[in-house]
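Novice: This is the structure I want to talk about, given as structure tokens.
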Amino acid sequence: MSTIPLRSPRAYLLALPAAAWMLTAVVAPTLLILWVSFWGGRAFSTASPLTTQNYERFLSNATYLQLVLDSLKQAALLMLLCGVLGYCIAYFLSMKLRNPRWRTALLLAFIIPFWTSALIRAIAWVPFLGVNGVINQALLWLGLADQPVEVFLYSRTGISMAQLSLYTLMASGPVMYMLAQIPPALREAAMTLKAPPLVVFWRVVFPLTLPGVVIGQVLVFLNVMADFATVATIGGNKIALLANLVLNFYEGSQIRAAAVVAVLLMLCMLAGVAAALRVVDIRRLGA
């Protein structure tokens, strides 16, 4: 345990490098983006007057507002899918798999694909989702389809499938950690009192793992909202979400519009995190 008082000059001195890094890498760029989003006039210059016209122009466009709703819907869908699948995987590996060797082997098989780049894993889905891809060939071979199904690639279905594979680990990892902290005696005591397995899970296990569920949901939400690579790779030019709009505006040299979308994207993320903190105050974990 540290002997340095919490608010002593030495404590602040130790925190100075991290604070300097946060100010340089996070706070300053964020303030710059916010400042650029209020630039007015026709000239792209620091001398441009500050105005709210950029936000008014964006918020008055129904197409852009629909992109915001589509992004939130996609994030909510992935939070649900990743939450359910990730919890099932975490529960199986932590509670049902008794053999340590099998548990380690399956855990490594689950984790190792995530050592590669998210962009590479997204691109790797293209041969699976195409009309001549692995999934369609399997459907034809099993007789479940008469012709190749075109719904997988360049569609929201394909994007959801790819993102599900990308972010399931983020939902299951915190749950797996929380499951490992539950003393077996708690479940044994509940079963001794004749509680059915479902009651034991709902009244004992799930409440104790709720912080892990919330942390996983926050990670999935933030990553899905900021994900433009998977949407661009799997969705092609047919589908775009809010993060892709930032890139499109930037590539079109519409810097102020890109800054507006970036600010709104950050506000959506902050609202999502704030809502999660209302469920479980994850800041108090370990206190």
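The values are calculated or read from the model by the stated rules, or taken from the named source; none is laboratory data. If you're wondering where the values come from, they're calculated on a predicted model, not measured in any experiment. Here the Cβ is made from the backbone with ideal geometry for all residues, glycine too, and neighbour counts use every protein chain on show. Note: accessible area is taken over every heavy atom of the protein model, side chains too, but ligands, DNA and RNA are not part of it. Shrake-Rupley method; radii C 1.70, N 1.55, O 1.52, S 1.80 Å.
Novice: In the stretch 56-90, how many are among the hydrophobic types (A, V, I, L, M, F, W, C) and open to solvent by less than 40 Å² (accessible area, probe 1.4 Å)?
Specialist: Going through the stretch 56-90 one residue at a time, the tally reaches 7.
Novice: What residue, among those in the stretch 197-208 that are aliphatic (A, V, I, L, M) and either farther than 13 Å from residue 95 by Cβ or free of Cβ contacts under 8 Å to residues at least 24 places away in the same chain (or both), is surrounded by the fewest Cβ atoms within 10 Å (Cβ to Cβ)?
Specialist: Selected residue: 198.
Novice: How many residues does the stretch 43-55 contain that are exposed (fewer than 11 other Cβ atoms within 10 Å of the Cβ) and at pLDDT 90 or above?
Specialist: The number of residues fulfilling the criteria is 0.
Novice: Being exposed (fewer than 15 other Cβ atoms within 10 Å of the Cβ) and over 23 Å from the mean Cα position of the chain (by Cα) is the filter here; which residues of the stretch 91-116 pass it?
Specialist: 96, 98, 99, 100, 101, 102, 104, 105
Novice: Quick check on the stretch 186-196. Is at least one of its residues among the polar types (S, T, N, Q), open to solvent by less than 60 Å² (accessible area, probe 1.4 Å) and outside any loop (DSSP other than H, G, I, E, B)?
Specialist: From the stretch 186-196, those among the polar types (S, T, N, Q) are 192; that's our starting set.
Within this subset, residues satisfying the condition of being open to solvent by less than 60 Å² (accessible area, probe 1.4 Å) are none.
No, because not a single residue in the stretch 186-196 is among the polar types (S, T, N, Q), open to solvent by less than 60 Å² (accessible area, probe 1.4 Å) and outside any loop (DSSP other than H, G, I, E, B).
Novice: Related question: Looking only at the stretch 1-31, how many residues end up being in a helix (DSSP H, G or I) and at pLDDT below 75?
Specialist: Total meeting the criteria: 1.
Novice: Continuing with the same structure: Within the stretch 150-157, identify whether any single residue is touching a helix residue (DSSP H, G or I) at 6+ places or on another chain (Cβ under 8 Å), part of a helix (DSSP H, G or I), of a type in the set (S, T, N, Q) and at pLDDT 85 or above, and answer yes or no.
Specialist: No.
Okay, residues lined up against (1) modelled with pLDDT of 90 or more; (2) touching a Ser or Thr at 6+ places or on another chain (Cβ under 7 Å); (3) under 29 Å from residue 50 (Cα atoms):
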{"position": "198", "(1), (2), (3)": "no, no, no"}
{"position": "206", "(1), (2), (3)": "yes, no, no"}
{"position": "250", "(1), (2), (3)": "no, no, yes"}
{"position": "264", "(1), (2), (3)": "yes, no, yes"}
{"position": "271", "(1), (2), (3)": "yes, no, yes"}
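Novice: Please indicate, with yes or no, whether at least one residue in the stretch 219-234 is in contact with a Phe, Trp or Tyr (Cβ under 7 Å, 6 or more places away or on another chain) and at pLDDT below 90.
Specialist: Yes, the stretch 219-234 has at least one match.
Novice: If you don't mind, another one. Under 8 Å between Cβ atoms, which residue pairs at least 6 apart in sequence (or on different chains) link something in the stretch 231-258 that is under 19 Å from residue 160 (Cβ atoms) and among the polar types (S, T, N, Q) with a partner that is open to solvent by 20 Å² or more (accessible area, probe 1.4 Å) and part of a helix (DSSP H, G or I)?
Specialist: Qualifying pairs under 8 Å: 233/119; 233/123; 233/126; 244/232.
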